[in-house]
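**Student:** The structure is given below, and queries will be raised subsequently.
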Amino acid sequence: MNSMRNYLRESLYMRDYLRRDIESNDRLLSRYADIDTGTLSDEESTRFHQPVPHANGSMIAAPDLRKSCQTALFRSLLNPKYASSGFRTGDLSGELGEYFENRAQIRYELKKLRVRGLVERVQGKQT
């Protein structure tokens with residue numbers, strides 16, 4: 001009798017685990033479906049080469065992909081686990097510790113991407 005209960009309990013846990021995994025995959029695929037390559041234009045590339053004004057009036061520098069720290073940040077952000085469930089600065093600092101000395105540097109690089117619309121901050125979440 002106990003073995004049957006254990007079997008049922010394990011099968012229910014497995015079913016819930018698979019259901020959560022499917023939901024995560026659905027979120028990931030919906031993120032990729034949001035990209036419409038037909039909407040990209042030549043003018044869009046200029047916003048990645050020139051400073052952009054911030055809401056407070058300061059100018060935010062363009063990301064420089066010649067720097068290894070920024071290419072490592074892009075590689076981390078393109079990781080599918082972040083596309084499906086989001087990320088925190090602490091998650092990135094664990095992966096990018098060899099490129100950045102502290103979290104403030106990561107936040108500054110993320111700000112460059114945020115003002116250009118590549119990364120968005122979810123309201124109610126802390127980074």
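**Student:** Taking the residues in segment 75-127 that are closer than 26 Å to Pro53 by Cβ and touching a Leu at 6+ places or on another chain (Cβ under 6 Å) as candidates, determine which candidate is surrounded by the most Cβ atoms within 10 Å (Cβ to Cβ).
**Tutor:** Result: Glu109.
**Student:** Please find, among Tyr32, Tyr17, Tyr13, the residue that is at pLDDT below 65, closer than 19 Å to Glu120 by Cα and either loosely packed, with under 10 Cβ neighbours inside 10 Å or out of contact with any strand residue (DSSP E or B) (no Cβ under 9 Å at 6 or more places or on another chain) (or both). Quick ask: steps written out before the conclusion?
**Tutor:** Details: Tyr17 fails: closer than 19 Å to Glu120 by Cα; Tyr13 fails: closer than 19 Å to Glu120 by Cα.
Result of the check over Tyr32, Tyr17, Tyr13: Tyr32.
**Student:** Quick check: anything in segment 38-57 modelled with pLDDT under 65, over 23 Å from Arg121 (Cα atoms) and either among the hydroxyl-bearing types (Ser, Thr, Tyr) or touching a strand residue (DSSP E or B) at 6+ places or on another chain (Cβ under 8 Å) (or both)?
**Tutor:** Yes; the residues of segment 38-57 include at least one that is modelled with pLDDT under 65, over 23 Å from Arg121 (Cα atoms) and either among the hydroxyl-bearing types (Ser, Thr, Tyr) or touching a strand residue (DSSP E or B) at 6+ places or on another chain (Cβ under 8 Å) (or both).
**Student:** Go through segment 88-108 and give me each residue that's farther than 19 Å from Arg66 by Cα, touching a residue at least 24 places away in the same chain (Cβ under 8 Å) and among the hydrophobic types (A, V, I, L, M, F, W, C).
**Tutor:** Within segment 88-108, none qualify.
**Student:** Counting just the residues of segment 75-97 that are of a type in the set (Ser, Thr, Tyr) and modelled with pLDDT of 85 or more, which one comes out nearest to Arg121 (Cα to Cα)? Break it down stepwise before answering.
**Tutor:** Step one: of segment 75-97, the residues of a type in the set (Ser, Thr, Tyr) are 76, 82, 84-85, 89, 93.
Retained after the next criterion (residues that are modelled with pLDDT of 85 or more): 76, 89, 93.
Numbers: Ser76: 16, Thr89: 11, Ser93: 17 Å.
Among those residues, the one meeting the criterion is Thr89.
The values are calculated or read from the model by the stated rules, or taken from the named source; none is laboratory data. Everything numeric in this text was worked out from a predicted model, so none of it was measured. Ideal geometry is used to build each Cβ from the backbone, glycine not excepted, and the neighbour counts take in all protein chains shown.
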